[in-house]
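**Q** Before I ask anything, here is the structure I am working with.
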Amino acid sequence: MHIPESLQDLASSEAVQFLRRPKTITRVFEGVFSLIIFSSLLTDGYQNKMESPQLHCILNSNNVACSFAVGAGFLAFLSCLAFLVLDTQETHIADTRFKIAFQLLDLVLAALWAVVWFVGFSFLANQWQHSPPKEFLLGSSSAQAAIAFTFFSILVWIFQAYLAFQDLRNDASVPYKRSLDEGGVVLTTLPLPSATSPMNMPTTGPNSLSYASSALSPCLTAPKAPRLAMMPDN
């Protein structure tokens with residue numbers, strides 16, 4: 001099957017490559033799960049009983065449980081949007097220190113959200129388990145959906161922390177690798193010493209040995225024999 005050239009250009013574009021990154025896909029899942037958690041409890045999480053018009057949380061009538069899920073889900077959704085925007089500028093960051101600081105912040109926040117959702121899942125599941133059956137007419141499906149996606153959020157945030165750790169480990173070794181590469185380039189580009197180089201010229205002095213003297217011609221270094229002179233007879 002032949003793909004048109006326009007679709008090939010679209011597949012190789014920067015936007016499509018950004019959307020295909022594992023980090024981007026994970027952030028999208030995080031945002032969707034957070035949206036389901038706080039929207040399901042925000043719409044059907046508060047209901048009134050038959051004998052009272054006052055709204056109660058469907059999770060064991062504990063308003064803290066619903067408030068926690070709604071607040072945490074909304075903040076997690078905002079953090080996903082913020083990091084998606086920052087990820088679009090990550091490739092354009094030239095400062096290595098700022099890039100490492102951003103990846104370290106991503107790792108810390110991902111681990112923190114994994115802990116928050118683990119605590120939230122335990123808390124919401126416990127409150128739902130102690131809720132009286134059929135106390136409210138509606139909202140049971142919304143509560144179950146919020147609890148289920150709270151558990152899924154633990155997994156995706158742990159995977160997000162793993163991806164951030166991998167990026168941090170790979171980029172942290174770049175300065176050292178670059179310095180070694182530059183050192184190798186300098187060593188390979190140094191000129192070789194030559195016979196006419198001033199570095200090979202011997203230094204002469206009253207207390208120094210001259211290596212160049214061994215290279216002199218024999219006629220200059222051999223001692224001269226004494227000459228015999230014939231005296232005329234008187």
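**Q** Taking the condition on the phi < 0 side of the Ramachandran plot and surrounded by 20 or more Cβ atoms within 10 Å (Cβ to Cβ), does ILE37 pass?
**A** So ILE37 fits the description; yes.
**Q** Also, quick follow-up: Out of everything in region 139-165 that is under 15 Å from ASN60 (Cα atoms) and not small (Gly, Ala, Ser), what residue ends up being surrounded by the fewest Cβ atoms within 10 Å (Cβ to Cβ)?
**A** My answer is GLN144.
**Q** Within region 77-89, is even one residue among the β-branched types (Val, Ile, Thr) and open to solvent by less than 90 Å² (accessible area, probe 1.4 Å)?
**A** Yes.
The values are calculated or read from the model by the stated rules, or taken from the named source; none is laboratory data. It should be emphasised that the depicted structure is a prediction, and the values quoted were computed from it without experimental measurement. With ideal geometry, Cβ positions are generated from the backbone for all residues, glycine too; neighbour counts draw on all protein chains shown. The protein model used for the area step is the full one, side chains on, heavy atoms only, and it has no ligands, DNA or RNA in it. Shrake-Rupley method; radii C 1.70, N 1.55, O 1.52, S 1.80 Å.
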